[in-house]
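Written out below as structure tokens is the structure these notes cover.
The values are calculated or read from the model by the stated rules, or taken from the named source; none is laboratory data. Keep in mind that this is a model prediction, so the values were computed, not measured. Virtual Cβ from ideal backbone geometry, glycine too; neighbours counted across all protein chains shown. These accessible areas exclude ligands, DNA and RNA; they are computed on the full protein's heavy atoms, side chains included. Shrake-Rupley method; radii C 1.70, N 1.55, O 1.52, S 1.80 Å.
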Amino acid sequence: MIGTPIPCGVFLAKKTNIDRIGSHIEYTGSKDNTITGSRNGLTPLFLWYELHYAQEGKFRKLVKECFERAITR
């Protein structure tokens, strides 16, 4: 369905839950809200590109079809 050269994914969560797992990272001086404590910044970029440019409406059409199927059942 959506192709990227490196395996990646998206996890959605409420902001209140994200704030609960965050911790301050001393060597970067920032707060880390990732589940594993680290993440590759390139894979979300691949996924973003695929969703916004490469699919050119194919993904929107697929999502629309999924919603239509879900509503009719």
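Couple of notes before you dig in:
- Heavy-atom surface analysis with a 1.4 Å probe gives the chain a carbon and sulfur content of 58 percent of its accessible area.
- Note on Trp48 and Glu65: their simple-model spin labels are 2.8 nm apart, each label 7 Å out from Cα toward Cβ.
- Lys, Arg +1 and Asp, Glu -1 on Cβ, resulting dipole of the chain about Cα centre, debye, nearest 20: 360
- With at most 12 other Cβ atoms within 10 Å, longest stretch of the chain clear of loop GluC sites (Glu not before Pro) (DSSP): 27-55
- Among Thr34, Thr43, Thr16, the largest mean-square fluctuation in a Gaussian network model of the chain, built with springs joining Cα atoms closer than 10 Å, belongs to Thr16.
- Mean accessible surface per residue for the chain, computed with a 1.4 Å probe while every protein chain stays in place, in Å²: 91
- Rg and Dmax of the chain, Cα atoms only, in Å: 16.6, 52
- Per residue, the average separation of C-alpha pairs within less than 8 Å and at least 6 apart gives the chain a relative contact order of 34 percent.
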